[in-house]
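Right, one structure below, let's go through it.
The values are calculated or read from the model by the stated rules, or taken from the named source; none is laboratory data. Computed from a predicted model, the values in this text were never measured in an experiment. Cβ: placed from backbone, ideal geometry, glycine included. Neighbour counts: every protein chain shown.
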Amino acid sequence: MLEANGLKKNYGKFTAVDDLSLTISPGEGIALLGKNGSGKTTLLKMLALVQKPDAGEVKVDGLYGKEAKAKIAYVPQEIVLFEELTVTENLYAWSSLKGSENAARAEYLVEELEMESFRKKRVDRLSGGQRRRVNIAVALMGNHQYLMLDEPLAGIDEHGGECIARLLKKEKEKGYAMIITEHNPTILLPLMDRTLRLDGGHFVQ
């Protein structure tokens with residue numbers, strides 16, 4: 001279980017997240033909804049342990065710090081890929097797996113996200129939607145029990161969105177928990193067990 005208690009984050013005089021707490025159980029999906037500036041991305045970064053809160057803490061399966069972070073896959077809005085490497089090379093470069101398990105996971109993600117036709121291309125020669133799919137794939141190259149995805153369908157066409165939704169459904173069925181942020185309702189919402197709406201750094205009805 002991932003447990004967040006009393007998370008708070010300020011940027012100068014602006015409070016982006018104000019004393020928020022939540023829990024997510026294995027196999028559960030949560031959608032964080034809200035308009036731009038509502039605190040979704042800041043909250044997700046703190047839950048993924050990539051940004052330190054000003055107050056509060058995050059515990060994952062009873063663990064803190066690096067041990068907790070190792071259980072989390074984080075997909076940012078920004079594309080974080082090695083532009084000069086191919087799709088396959090990026091998968092291996094970002095992977096936390098070894099040997100045959102590494103190769104099997106890469107093949108699985110290439111198939112699920114339908115990247116076979118461009119797996120040998122350099123990232124700097126891909127379309128925006130293709131890069132987005134690779135961005136998601138590299139984050140999932142590991143045995144992460146908690147998946148954090150920030151606007152995963154941004155810049156994705158309908159077909160790419162269907163690929164991502166199918167992949168996340170399978171990951172959820174394996175017992176992986178996930179939290180996604182979304183600005184508008186999408187095809188991913190039916191996969192979620194509950195939605196939390198943010199406004200001004202607070203949860204609202």
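A few points about this structure:
- Segment 148-171, subset outside any loop (DSSP other than H, G, I, E, B) and of a type in the set (A, V, I, L, M), residue surrounded by the fewest Cβ atoms within 10 Å (Cβ to Cβ): A165
- Single residue of A106, A55 found to be at pLDDT 95 or above and under 27 Å from E158 (Cα atoms): A106
- Residue in segment 172-205 that is surrounded by the fewest Cβ atoms within 10 Å (Cβ to Cβ), counting only those that are of a type in the set (D, E) and assigned to a strand (DSSP E or B): D199
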